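Worksheet: the structure to be examined is printed underneath.
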Amino acid sequence: MAKRVDFKNTNLNTTRTNKFDRLNKPPKKGRKSILSIIGRLLLYIWISTIVAVVVFKFVPVYFTPTMASRKIDALIEGEPSKIHSQWSSLDEIDRNCALAVIASEDQLFLEHSGFDFDAMTTAIVKNQKGKRIKGASTISQQVAKNVFLWQDRSYFRKALEAYFTVLIELIWGKERILEVYLNVAETGKMTFGVEEACRRYYGHTAAEVSTTEAARIAACLPNPIRFSIKNPSGYVSKRTSFIKRQMSALGGKKFLKNL
């Protein structure tokens with residue numbers, strides 16, 4: 001006797017099976033390959049940041065993103081675009097320069113691990129109260145930004161800045177961070193580093209700089225485009241005197257003996 005086949009149930013079971021099969025299907029190979037490519041790319045980028053920090057621990061930093069930005073802006077505006085910069089080792093720069101920038105920019109430089117959290121908290125409170133926007137970047141943070149990043153105030157850039165700050169604190173150490181800062185900090189229009197600033201505005205090398213001259217350079221660092229080392233305004237002169245008093249209060253050049 002022939003067996004009757006229930007086509008309705010067979011079709012229903014087949015439909016259900018097909019639905020479960022679709023749910024249990026592994027992701028398409030294309031999607032996997034894209035995720036794999038992105039993962040490898042992120043890994044290579046991370047490795048490249050480590051390599052760059054290690055390389056610049058030993059190699060002079062002759063050019064930075066900030067220099068590139070200034071040069072492009074000058075070219076667009078049809079102004080002179082030559083970058084004035086002269087690398088000098090820390091031993092070739094008078095200690096007055098190092099002391100002046102620490103007294104002006106970051107007096108806890110030798111003590112903190114890259115971040116001055118008290119200054120950051122104070123700045124946040126003042127900014128929230130609507131007072132003049134004030135940053136709290138340490139010398140280490142400024143070096144991380146100037147050497148590896150672009151000029152921007154976004155949270156993404158700030159996060160990268162924090163990352164590079166940790167790296168240079170761990171890999172470079174304080175002496176190298178200070179050396180790089182003194183060579184890449186913007187000190188005038190199209191001018192970078194204290195060596196070039198001394199040559200252009202004082203007519204001698206950074207090894208011959210006086211306390212007053214070093215303090216004046218530091219006084220202009222917050223805005224070297226607006227403030228002039230060569231023709232100091234009343235504000236710059238007052239700021240210079242203040243920095244000199246701070247240098248003395250720190251103990252003079254002896255302050256740097258543990259650098």
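What about SER69, is it over 13 Å from LEU178 (Cα atoms), in contact (Cβ under 8 Å) with a residue 24 or more places away in the chain and surrounded by 15 or more Cβ atoms within 10 Å (Cβ to Cβ)? It is false that SER69 is over 13 Å from LEU178 (Cα atoms), in contact (Cβ under 8 Å) with a residue 24 or more places away in the chain and surrounded by 15 or more Cβ atoms within 10 Å (Cβ to Cβ). Taken as a whole, segment 20-30 holds at least one residue that is aliphatic (A, V, I, L, M), loosely packed, with under 10 Cβ neighbours inside 10 Å and either modelled with pLDDT under 90 or touching an Asp or Glu at 6+ places or on another chain (Cβ under 9 Å) (or both).
Would you be able to say whether some residue in segment 108-119 is surrounded by fewer than 17 Cβ atoms within 10 Å (Cβ to Cβ), assigned to a loop (DSSP other than H, G, I, E, B) and in contact (Cβ under 8 Å) with a residue 60 or more places away in the chain? Checked segment 108-119: at least one residue is surrounded by fewer than 17 Cβ atoms within 10 Å (Cβ to Cβ), assigned to a loop (DSSP other than H, G, I, E, B) and in contact (Cβ under 8 Å) with a residue 60 or more places away in the chain. Please verify whether segment 85-107 includes one or more residues that are closer than 14 Å to GLN142 by Cα, touching a Leu at 6+ places or on another chain (Cβ under 6 Å) and either of a type in the set (Asp, Glu) or not in a loop (DSSP other than H, G, I, E, B) (or both). The answer is no; no qualifying residue exists. Considering segment 205-256, the residues that are part of a loop (DSSP other than H, G, I, E, B) and basic (Lys, Arg) include one that is nearest to CYS97 (Cα to Cα), namely LYS230. Summed over segment 144-180, the residues that are within 23 Å of GLU196 (Cα to Cα) and either not β-branched (Val, Ile, Thr) or not in a helix (DSSP H, G or I) (or both) give a count of 12.
Every condition in (1) in contact with a His (Cβ under 8 Å, 6 or more places away or on another chain); (2) crowded, with 23+ Cβ neighbours inside 10 Å is met by VAL194 except one, and the failing one is (1).
The values are calculated or read from the model by the stated rules, or taken from the named source; none is laboratory data. Because the structure is a prediction, the values reported are computed rather than measured. Note that each Cβ is placed from the backbone with ideal geometry, even for glycine, and that neighbours are counted across all protein chains shown.
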